[in-house]
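Take a look at the structure below.
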Amino acid sequence: MISVREIEPINESDIASTYKSKNPDDEILSISNLNFRDTDARACAKITIIKSKDEIAPKVYYVEDHMYCYVSDRLFVLTLDQWDSDRYDEGAYRLSINILRSVKVHKQELR
């Protein structure tokens, strides 16, 4: 499952600690960044990715990629949920990055 939403902006350096405080039972598997050079000013130049494992029922897990992206002064997060028991879908991961990179804030929408 893929979902995208806007959240309240936080300091970029606080993304991981904020995630952990809001999801104390999740196991953080990795934290990484993707930087893009060819970025439109209205789009995402950097994505911070928190990969976690979430027990949704006894011994049933999701592997989640939480992708955070600032567009202007607004923060968007895309969440990709995949069953831990399924083979990891690299195509869904790449699609998620493309979806998040397609988020644009136009001048009339700027705060």
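Taken together, the values in this text are just the output of simple stated rules run on the coordinates, not laboratory data. Treat the numbers as computed from the prediction; the structure is a model and nothing was measured. Using ideal geometry, Cβ is built from the backbone for each residue, glycine included, and neighbour counts are taken over all protein chains shown.
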Study note, to complete from the structure: Plugging the Cβ-Cβ distance of ARG74 and ILE31 into 1/(1 + (r/R0)^6) at R0 = 25 Å yields, to the nearest 0.05, a FRET efficiency of 0.70
Practice item. Report, to the nearest 10°, how far helix 90-101 tilts away from the longest principal axis of the Cα atoms in the chain, using its own Cα long axis and a range of 0 to 90°. Key: 30
Check your understanding: Measuring from a point 7 Å past the Cα of SER21 along Cα-to-C-beta, which residues in the stretch 71-89 have an amide N at less than 19 Å?
Key -> 75-77
Check your understanding: Of ARG42, ARG94, ARG74, which is the most mobile in a GNM of the chain whose springs link Cα atoms less than 10 angstrom apart?
Key -> ARG94
Study note, to complete from the structure: Expressed in nanometres to one decimal, the distance between label points 7 Å along Cα→Cβ at TYR88 and HIS106 is 3.8
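Can you tell me the dipole magnitude for the chain around its Cα centre, using point charges on the Cβ only (Lys, Arg +1; Asp, Glu -1), in Debye to the nearest 20?
Values: 16 positive and 20 negative charges, 103 e Å.
Dipole size: approximately 500 debye.
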Check your understanding: Of the lysine pairs in the chain, how many meet both conditions: Cα atoms under 25 Å apart, and a spacing of 8 or more in sequence or different chains?
Key -> 12
Exercise for review: List the pair-distance distribution P(r) of the chain, using every Cα-Cα distance, as the percent of pairs falling in each 10 Å bin from 0 up to the bin containing the longest distance, rounded to whole percents.
Suggested key: 13, 46, 31, 9, 1
**Study point:** Dipole of the chain, positive end: most advanced residue of ASN23, LEU80, CYS69 [Cβ charges, Cα centre]
**Key:** CYS69
